[in-house]
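Notes follow the structure.
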Amino acid sequence: MVAQSYARLMTLEEFIIQGQNHFKGATGDLSQLLRDIALAAKIISNEVNKAGITNLLGLDGSVNVQGEAVKRLDLFSNDQMIHALSRSGNVCMIVSEENDKPVRTRSSSGKYVVAMDPLDGSSNIDVNVSIGTIFSVFARKSDRADEPNDYDIHQLGTEQIAAGYVLYGSSTTLVYTTGLGVSAFTLDPGLGEFFLSERSIKMPRFGPTYSLNEGHIGQCSPAVQSYLRKCKTPDSFSGKPYNCRYIGSMVSDIHRTLLDGGIFMYPDTQRLPDGKLRLMYECYPMAFIIEQAGGIAVDKNKTRILEIPVRDIHQRSSIFMGSDQNMRDLISMM
Ligand code: P6P
């Protein structure tokens with residue numbers, strides 16, 4: 001019975017090949033890149049799910065039984081992603097939250113540049129809250145015979161050719177887009193295989209849920225404060241106020257917003273006038289996904305996130321993203 005039910009499921013591998021066939025002249029290089037990311041996701045998932053026990057065994061940060069230093073999970077995840085992205089020879093440069101400068105791979109002729117947060121929200125590991133990997137893929141601009149340069153990195157979010165995240169939660173879920181809609185895959189850890197769980201995800205047009213760190217609300221703009229007062233006022237139609245849901249792990253908060261609708265905000269505050277989240281490897285990929293699912297993503301100036309130019313690879317941006325109607329309500333107040 002189980003064998004028959006698996007037979008009905010589509011693997012990530014099959015889906016990637018199907019997607020590749022959409023792109024005339026596709027070389028399979030992007031497909032290989034997505035497969036490499038999926039491999040790193042499986043390795044990271046395996047470690048993340050052991051994190052509690054390694055802490056208990058005191059292996060975290062000390063020397064493990066093989067005499068190797070046990071790296072903190074975010075550094076381990078960074079290493080795994082860099083290794084996976086370097087395997088194919090298709091990636092020439094990597095921007096990572098964990099590295100001050102862009103990382104050059106051995107393949108200076110690689111056709112892609114990847115920006116990533118290898119383990120976002122890693123501080124949540126100690127309290128067993130879901131965390132995630134976020135990635136964004138660009139085609140390099142410079143000639144492949146030359147060394148990659150800053151023009152390959154300073155591209156607009158609209159130029160992403162793929163973006164996605166992996167959520168290490170009660171199940172490990174990979175969500176990505178190549179511009180043809182958003183699909184989700186769930187890992188069967190027993191088989192080590194990602195299976196298609198949601199195809200062409202479309203956000204609900206509206207969701208009665210808002211998500212932000214309300215502890216900062218006193219430092220937020222009057223527009224955000226008045227929007228929040230509106231969310232807390234019982235709705236004339238349903239008679240109920242919105243729900244507040246905030247996990248403090250961007251991948252989890254965005255995944256819920258993507259599937260259930262609503263709005264996620266990390267606004268600018270007096271302490272963080274440009275917000276906290278990073279433009280290249282948190283805001284860009286998540287905005288690409290949210291827009292592909294029918295939502296809207298802007299910053300404090302109502303500028304489309306995907307059109308905010310990159311000045312510095314670690315620059316921050318305020319971010320407001322979510323369902324079409326929720327976002328229009330907020331934007332009308334900004
Ligand atoms: P705060 C996690 O540290 C993170 O980078 C995102 O995953 C999350 O959305 C945000 O910071 C939470 O920040 O200030 O609410 O703790």
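When you scan the range 209-237, how many residues do you find that are touching a strand residue (DSSP E or B) at 6+ places or on another chain (Cβ under 9 Å) and surrounded by fewer than 16 Cβ atoms within 10 Å (Cβ to Cβ)?
Here the count works out to 3.
Give 311, 316, 271, 304 a once-over and let me know the one that is buried (at least 17 other Cβ atoms within 10 Å of the Cβ) and either within 14 Å of the ligand (Cβ to nearest atom) or not assigned by TED's automatic domain parsing to the domain that holds residue 150 (or both).
Selected residue: 316, the only one of 311, 316, 271, 304 that is buried (at least 17 other Cβ atoms within 10 Å of the Cβ) and either within 14 Å of the ligand (Cβ to nearest atom) or not assigned by TED's automatic domain parsing to the domain that holds residue 150 (or both).
Assigned to a helix (DSSP H, G or I) and away from the ligand (no atom under 14 Å from the Cβ), is that true of residue 201? Explain how you work it out, then say what you get.
Details: assigned to a helix (DSSP H, G or I): no; away from the ligand (no atom under 14 Å from the Cβ): yes.
Judged against the criteria, residue 201 is not a match.
Given (1) within 16 Å of the ligand (Cβ to nearest atom); (2) of a type in the set (Val, Ile, Thr); (3) outside the structural domain of residue 312 (by TED's automatic domain parsing), where does residue 182 come up short, assuming only one miss?
Unmet condition: (1).
For residue 246, which of the numbered conditions (1) within 16 Å of the ligand (Cβ to nearest atom); (2) farther than 18 Å from residue 323 by Cα; (3) under 23 Å from the mean Cα position of the chain (by Cα) fails to hold?
(2)
Mind listing whichever residues of the range 257-276 are of a type in the set (A, V, I, L, M) and out of contact with any Gly (no Cβ under 7 Å at 6 or more places or on another chain)? If you could, list the steps in order and put the result at the bottom.
Here is the first cut: in the range 257-276, the ones of a type in the set (A, V, I, L, M) are 258-259, 263, 265, 272.
Answer for the range 257-276, where residues must be of a type in the set (A, V, I, L, M) and out of contact with any Gly (no Cβ under 7 Å at 6 or more places or on another chain): 258, 259, 265, 272.
Quick one: how many residues across the range 120-143 are in contact (Cβ under 8 Å) with a residue 12 or more places away in the chain, over 17 Å from residue 34 (Cα atoms) and within 16 Å of the ligand (Cβ to nearest atom)?
10
Looking only at residues that are of a type in the set (A, V, I, L, M) and farther than 22 Å from residue 118 by Cα in the range 16-60, which one is modelled with the lowest pLDDT?
For the range 16-60, the residue satisfying everything is 57.
List every residue pair whose Cβ atoms lie under 6 Å apart, where the two residues are 6 or more positions apart in sequence or sit on different chains, the first residue falls within the range 2-22 and is in the same structural domain as residue 184 (by TED's automatic domain parsing) and outside any helix (DSSP H, G or I), and the second residue, located anywhere, is at pLDDT 80 or above and among the aliphatic types (A, V, I, L, M).
As it stands, the answer is 10/196, since those pairs meet every condition given.
Kindly check whether there is at least one residue in the range 212-235 that is at positive phi, more than 14 Å from the ligand (Cβ to nearest atom) and assigned by TED's automatic domain parsing to the domain that holds residue 311.
Within the range 212-235 (the criterion being at positive phi, more than 14 Å from the ligand (Cβ to nearest atom) and assigned by TED's automatic domain parsing to the domain that holds residue 311), the answer is no, since none of the residues qualifies.
Specify which of the listed residues (115, 84) is more than 13 Å from residue 45 (Cα to Cα), hydrophobic (A, V, I, L, M, F, W, C) and not in a strand (DSSP E or B).
None of the other options fit; the residue is 84.
The values are calculated or read from the model by the stated rules, or taken from the named source; none is laboratory data. Quick caveat, the model's predicted, so the values are computed rather than measured. Here Cβ is always computed from backbone atoms with ideal geometry, including for glycine, and neighbour counts include all displayed protein chains.
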